[in-house]
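*Asks:* Got a structure here, written out as structure tokens. Questions coming.
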Amino acid sequence: ANRGEIACRVMKTCRKMGIKTVAVHSDVDANAVHVKMADEAVCVGPAPTNRSYLNMDAIMDAIRITGAQAVHPGYGFLSENKEFAKRLAAEDVVFVGPDTHAIHAMGDKIESKLLAKAAKVNVIPGFDGVVEVSYPVMIKASAGGGGKGMRIAWNDDETREGFRLSSQEAASSFGDDRLLIEKFVDNPRHIEIQVLADKHGNALWLNERECSIQRRNQKVVEEAPSTFLDPDTRRAMGEQAVQLAKAVKYSSAGTVEFLVDSKKNFYFLEMNTRLQVEHPITECITGLDLVQQMIRIAKGFPLVHRQEDIPINGWAIESRVYAEDPYKSFGLPSIGRLSQYQEPISLPNVRVDSGIQEGSDISIYYDPMISKLVTYGATRAEALQKMEDALDHYVIRGVTHNIPLLREIITNPRFISGDITTNFLPEEYPEGFTGHRLTPEGRRELLATAAALYISAQLRSQRFMGNLSNSVVFDIVMNTFFLLFQVEVDGGSVEVSGEWNLASALLPLSINGNPRVLQCLSRDATGQITLQYLGTQFKLRVLSRLAAKLTGHMPEKVPEDTSSILRSPMPGSVVAVSVKPGDMVAEGQEICVIEAMKMQNSLIAARAAKVKSVHCKAGETVGEGDLLVELE
Amino acid sequence: RLSVSRSASVMIRVCVLFTGKIMDQAMMVGAPVIGLNDSGGARIQEGVESLAGYADIFLRNVLASGVVPQISLIMGPCAGGAVYSPALTDFTFMVKDTSYLFITGPDVVKSVTNEDVTQEELGGAKTHTAVSGVAHRAFENDIDALLNLRDFFNFLPLSNRDPAPVTECQDPSDRLVPGLDTVVPFETTKAYDMLDIIQGVVDEREFFEIMPNYAKNIVVGFARMNGRTVGIVGNQPKVASGCLDINSSVKGARFVRFCDAFNIPIITFVDVPGFLPGTSQEYGGIIRHGAKLLFAFAEATVPKITIITRKAYGGAYDVMSSKHLRGDVNYAWPSAEVAVMGAKGAVQIIFRGKTNQAEQEAEYVEKFANPFPAAVRGFVDDIIVPSTTRKRICRDLEVLASKKQTNPWKKHANIPL
């Protein structure tokens, strides 16, 4: 009962186990990969999630029609919904997950903390009606997860603002607007323990996952194991996690999240009673198939492994590849059609969990995740190197994606040293993410490549049938199959060679003898070239000396004045418009709220001014760049 | 390539002698003519001689038409007689913000009709590429325009005696395009972008669109398939459901005739619900203008390959390079609906006033709104998996490269102008 990547992931294991699968889907997903992969598919409603993937009646009908014996809920949607689990139980359908009691106990953030306290698990000082807390505080949806409805507030105003937005988000995402406020731990790391428990009272901990790299409380890069934990802390956390699992008679796979401070004190955060997005990295280092384990447990089999059977083999890293613009607050959703899409799965030790393919639409209705890119190595350095290669080989066209950010994170010296906290992104990029900063050497490489690319395209356009004579002389060295270019840049000479297949999305090159994989995103007749180099996209222009000289004489075009207009930064729907024509707004005042991918974003005035006209109203759908409000 | 430029300050008589000689030579050797235009019109002081000079050029433009490709690049203000030479050539490109084309400038307009209009509004690049359809494309500045012109030129043969050029191609001709399998939405009323299909199919996603801002319900332009230049015509479901109206018919017709004149194969992607109904269209002569597109496709003897992606309804189906108009290879995707009209309209007419229309509609869809009735009659050669479209077109073009077809002898045909 899910879609996309996780539905495909579950079906893969089902296939291995010889289990027939049924996919549910909304009408816009009728062509989706998970639908094609399943043995049967049932449409459960229109695009909005509350009428399809959250529509229990329709899903129950689908179960009855197909005679399904078990339901794997994936993550999100109904995965932690006790009502759904109850209804399945009433019809004798197995829910692949814990029983309703555990979901209920752990699903509520307030109640779960009380239970954890009782099970002798370290808990965070919180607003459970017992302790007074001081700023900063964290506002969370009580029924929430995945960073939705979650905000940090540093003062009273932000608390009020956060309370309003979070409760709306909570209501629309989970149908439950209760909130929880607790002390916000500074310099924390987010480390979680994977547990596995069966219906016979056995429970195991499968080591930790470090998920500290987050933006807006949503994870971006995860790794297992953590660079921070020593075996003793790991065992202590693992044992507490198992205690909690046993205390709530947990069965199936679950995750106990902890905040760990710099002194290695750890506090229980919450327990996720489902399969986590980042489960593949645990699978990589332990060799277990968690979905298979969940299905076995659901069927009533006892665990076959013992705690001492659980190894840590090597290192695994997961990057969440999202369709979003990393230059806008580390990632605002973008939508579009994947005009070209190639996963780097031809590389060794790379795993890609995705639920989309070339031609798929990333729509405003669902989570904008494209895939989970997992690399594995004997050591952390090896896994990181693989991740770099894999990101360079990943071809995504048609939507804006966060590969520039991912590649910067995994090559960031502080990240490599392992010194990270959940504030890593704002600390490293206080002015916001701006892409890869070129070194002088890097700039030379990039310019040389662009020039070489331009020349090879020029050379090719002269080789058409019937006109093979080539009278133009370029200052390059060529051999038979591989084109080798020697380019003089800034007084230094750069040698670029490669196959120069201009039709391929990837450009595997050798620059001064170093292997590099670049991607050519666009190229036109006027010498405008967009290259993806070290993850980041660079726009370049190659002109002949004459054309460059003459360009100086061209009239300059005046760009549109943007300080007095407010455009939608992303596609989505307008939730509220706070101003009307004639109103005075102060700088930073909220003008309207746009909801996209279940996140509410308030748009503010860039300067104090009078509102000239309003071009949107609540409930409307807007596209990226659409004019919303004009100021005078 | 020979190029001719006309500058505002050159004496007309001298200019004409020179221009005329070059154009004569170009026609003799089979070399394309590129005009770089910047001309204020006839030089009043030279009297009738300057008018004669213009006519000399017009005559040569007309004689060269269909013999060698002629392209005009408007790089400054062009007024009066000077605008007719570009209008006679095959393609007219403009430079944004610095080039203008008009019969009479804003001053004369003001004195005659009392209209207040700027040069830009009257005859700027935006006006002519989006409203009047006089120019085929506009570029940012002079350098961009010249560089794009060079790129564009690579698509064209030197004259009507040469085949369409074939360049080296690194994009595999048997490449599957998985994205095409999902591009057409399930709901027949939902739009999609025909450019997604075109870019997916052609070499390296490179498509040089002609008139991208005018009559956007039809998409025309040049691309390559396995290195070979092709002309592409496609209905655009995103704009006005891709229906044919006066402007789109004329835009399509002129493009098809250019391709036919210069041996460029034509690939047509069809998703057309019909001709646009209504008084404004009928009064404007949609019958006459629609006939131009029909005429152009029927008359063309170059290789013609057609892919019906979704709707092919009524007369518009016939027009869009159908089998009946000597289409060489006509494919249909499984989502194709080749029928006289859509289910809803058809049921309303056939079962006028009767109830249970939904049931009748379902029956109609089952019987008519699919590619099978056309396929069993041989009007569609094959129903193909969309992702194999590129592979098939490349293969068919290979076979059709040696196609020879002639129309009956005539002085010239009489296209309904």
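Just so you know, all these numbers are worked out from the coordinates, no wet-lab data involved. Remember, predicted model here, so these are calculated numbers, not experimental data. We place every Cβ from the backbone using ideal geometry, glycine too, and count neighbours over all the protein chains shown.
*Asks:* Which Cα, out of B:Gly133, B:Gly105, B:Val62, lies furthest along the positive dipole direction of the stretch B:13-154 (beta carbon charges, K/R +1, D/E -1)?
*Replies:* Final value for the positive-end residue is B:Val62.
*Asks:* By a straight-distance test (C-alpha under 17 Å), which lysines pair with B:Lys403 as possible cross-link partners, with residues fewer than eight away in the same chain excluded?
*Replies:* B:Lys304, B:Lys323
*Asks:* Suppose every K and R has +1 on its Cβ and every D and E has -1 on its Cβ; what is the size of the dipole of the stretch B:13-154 about the Cα centre, in Debye to the nearest 20?
*Replies:* Details: 9 positive and 16 negative charges, 77 e Å.
Once rounded to the nearest 20, the dipole reads 380 debye.
*Asks:* Still on this structure, please answer the following. Mean separation of Cα pairs under 8 Å and 6+ residues apart, divided by the residue count of chain A: what relative contact order is that in percent?
*Replies:* 10
*Asks:* Run down the lysines and flag those whose C-alpha is under 29 Å from the C-alpha of B:Lys126, throwing out any fewer than 8 positions away in its chain.
*Replies:* Here the lysines satisfying the reach criterion relative to B:Lys126 are A:Lys539, A:Lys549, A:Lys557, A:Lys612, B:Lys96, B:Lys110, B:Lys216, B:Lys238, B:Lys251, B:Lys292.
*Asks:* Just want to confirm a number: the relative contact order over the stretch B:13-154, from Cα pairs under 8 angstrom separated by 6+ residues, in percent. Please report the intermediate quantities before stating the final value.
*Replies:* Values: 234 pairs, mean separation 28.5, N = 142.
Value for the stretch B:13-154: 20 percent.
*Asks:* Under a 5 Å amide H to amide H cut-off, with H placed in plane at 1.01 Å, what residues pair with A:Val399 once short-range neighbours are removed?
*Replies:* The list, which skips near neighbours in sequence, is A:Ser339.
*Asks:* With unit charges on the beta carbons (Lys and Arg positive, Asp and Glu negative) and the dipole taken about the Cα centre of the stretch B:270-353, which residue among B:Ala343, B:Ala332, B:Pro303 sits farthest to the positive side?
*Replies:* Going by the Cα projections, it comes out as B:Ala343.
*Asks:* How big is the Cα convex hull of the protein assembly as shown in projection, averaged over all directions, in nm²? Mind showing how you got there, number by number?
*Replies:* Details: hull surface 194.9 nm².
One quarter of the hull surface, i.e. the mean projection, equals 48.7 nm².
*Asks:* Then there is this: Over all residues in A:161-171, what is the mean tally of Cβ atoms on other chains that come within 10 Å of each residue's Cβ?
*Replies:* 0
*Asks:* Also, quick follow-up: Could you work out the longest stretch of chain B that avoids the chymotrypsin sites (Phe, Trp or Tyr not before Pro) located in DSSP loops with at most 12 other Cβ atoms within 10 Å?
*Replies:* Details: sites that count: B:Phe186, B:Trp409.
Counting at most 12 other Cβ atoms within 10 Å as exposed, the longest clean stretch of chain B is B:187-408.
*Asks:* Still on this structure, please answer the following. I want the local charge near A:Gln243. Using Cβ-Cβ distances under 13 Å, sum +1 for each Lys or Arg and -1 for each Asp or Glu among the other residues. Spell out each step's value before the answer.
*Replies:* Numbers: positive: A:Lys117, A:Lys120, A:Arg235, A:Lys246, A:Lys249; negative: A:Glu239.
With Lys, Arg at +1 and Asp, Glu at -1, the neighbours total +4.
*Asks:* Hey, another quick one. Placing +1 on the Cβ of each Lys and Arg and -1 on the Cβ of each Asp and Glu in the stretch B:242-339, which of B:Gly278, B:Phe262, B:Ser248 has its Cα farthest towards the positive end of the resulting dipole?
*Replies:* B:Phe262
*Asks:* Something else about it: Taking the Cα centre of the protein assembly as shown as origin, work out the dipole magnitude from +1 charges on Lys and Arg Cβ and -1 charges on Asp and Glu Cβ, in debye rounded to 20.
*Replies:* 2240
*Asks:* Please work out the Cα center distance from the stretch A:266-304 to the stretch B:357-399, rounded to the nearest Å.
*Replies:* 48
*Asks:* Hydropathy first: keep DSSP H helices in chain B averaging at least 0.0 on Kyte-Doolittle, then drop any whose Cα extent along the axis falls short of 20 Å, and list what survives.
*Replies:* What comes out of the filter, once short or polar helices are dropped, is B:12-29, B:48-64, B:246-261.
*Asks:* Still on this model: When DSSP assigns beta bridges and you keep just the ones with both residues in chain B, what percent turn out antiparallel, to the nearest 5?
*Replies:* For chain B, the DSSP antiparallel bridge percentage is about 25.
*Asks:* Sticking with this structure for a sec: Looking at the stretch B:173-226, which GluC sites (Glu not before Pro) are in a loop (DSSP not H, G, I, E or B) and have at most 11 other Cβ atoms within 10 Å?
*Replies:* When the GluC sites (Glu not before Pro) of the stretch B:173-226 are filtered for loop state and at most 11 Cβ neighbours within 10 Å, B:Glu187 remain.
*Asks:* Next question. For every other residue with a beta carbon closer than 10 angstrom to the beta carbon of A:Ser573, add +1 if it is Lys or Arg and -1 if Asp or Glu, then tell me the sum.
*Replies:* Numbers: positive: none; negative: A:Glu595, A:Glu620.
Residues close to A:Ser573 contribute a combined charge of -2.
*Asks:* For a quick check: with amide H placed at 1.01 Å from N, whose amide H comes under 5 Å from B:Phe275's, ignoring anything fewer than 5 positions away on the same chain?
*Replies:* B:Leu244, B:Ala316
*Asks:* Please report A:Cys592, A:Cys616 as a ranked list, fewest other C-beta atoms within 10 angstrom at the top and most at the bottom. Present the calculation step by step, with values, prior to reporting the outcome.
*Replies:* Values: A:Cys592 23, A:Cys616 20.
Lowest to highest Cβ neighbour count: A:Cys616, A:Cys592.
*Asks:* Using a cut-off of 11 Å between beta-carbons, work out the net charge of the residues near A:Ile345 (Lys and Arg +1, Asp and Glu -1, A:Ile345 not included).
*Replies:* Once positives and negatives cancel, what remains is -1.
*Asks:* Okay, next question. Just to confirm my numbers, what's the Cα centroid distance between the stretch A:531-581 and the stretch B:78-137 in Å?
*Replies:* One Cα centre to the other: 29 Å.
*Asks:* From other protein chains only, count the Cβ atoms within 10 Å of every residue's Cβ in B:139-150, then give the mean.
*Replies:* 5
*Asks:* Moving to a separate point now. Could you work out the mean count of beta carbons from other protein chains within 10 Å of each residue's beta carbon in B:174-184?
*Replies:* 4
*Asks:* Could you list the GluC sites (Glu not before Pro) in the stretch B:68-132 that lie in coil according to DSSP, counting only those with at most 13 other Cβ atoms within 10 Å of their Cβ?
*Replies:* B:Glu115
*Asks:* Would you list which aspartates and glutamates come within 20 Å of B:Lys344, measuring only between C-alpha atoms, while excluding same-chain residues fewer than 8 positions from it?
*Replies:* The reachable aspartates and glutamates, counting only those whose Cα sits under 20 Å from B:Lys344, are B:Glu187, B:Asp271, B:Glu359, B:Glu361, B:Glu363, B:Glu366.
*Asks:* Using a Gaussian network for chain B with springs between C-alpha atoms less than 10 Å apart, which of these wobbles most: B:Val177, B:Val83, B:Val376?
*Replies:* Of B:Val177, B:Val83, B:Val376, the Gaussian network model singles out B:Val376 as fluctuating most.
*Asks:* What does the charge dipole of chain B about its Cα centre add up to, to the nearest 20 debye, if the Cβ of each Lys and Arg holds +1 and the Cβ of each Asp and Glu holds -1?
*Replies:* 1100
*Asks:* List the chymotrypsin sites (Phe, Trp or Tyr not before Pro) in the stretch A:322-356 that DSSP assigns to loop (not H, G, I, E or B) and whose Cβ has at most 12 other Cβ atoms within 10 Å. Which are they?
*Replies:* Sparse-neighbourhood loop chymotrypsin sites (Phe, Trp or Tyr not before Pro): none present.
*Asks:* Between A:Glu91 and A:Glu111, what FRET efficiency follows from the Cβ-Cβ distance if R0 is 30 Å, with the result rounded to 0.05?
*Replies:* For A:Glu91 and A:Glu111, the calculated efficiency is 0.65.
*Asks:* Would you grab the residues whose amide H sits under 5 Å from the one on B:Ile308? Only those 5+ places off in sequence or on another chain, please, with H modelled 1.01 Å from N.
*Replies:* B:Val270, B:Tyr331, B:Ala332, B:Trp333
*Asks:* Mean-square fluctuation check for chain B, GNM, Cα pairs under 10 Å: which of B:Ile198, B:Ile287, B:Ile305 is largest?
*Replies:* Evaluated over chain B, the most mobile residue of the options is B:Ile287.
*Asks:* At what distance in nm do the modelled label points of B:Gln405 and A:Arg235 sit from each other, each positioned 7 Å from its Cα along Cα→Cβ?
*Replies:* My value for the distance between the label points is 8.3 nm.
*Asks:* Can I ask one more? Past the 22 Å Cα-Cα mark, which pairs from A:Lys109/A:Lys299; A:Lys86/A:Lys249; A:Lys12/A:Lys372; A:Lys183/A:Lys263?
*Replies:* A:Lys109/A:Lys299
*Asks:* Taking the DSSP beta bridges in the protein assembly as shown as the whole, what percent of them are antiparallel, to the nearest 5?
*Replies:* On the way: 121 of 169 bridges.
Antiparallel bridges make up about 70 percent of those DSSP assigns within the protein assembly as shown.
*Asks:* Using a 10 Å cut-off on Cβ atoms, rank the peptides A:212-218, A:522-528, A:602-608 from the highest mean neighbour count down.
*Replies:* Result, highest mean Cβ count within 10 Å first: A:212-218, A:522-528, A:602-608.
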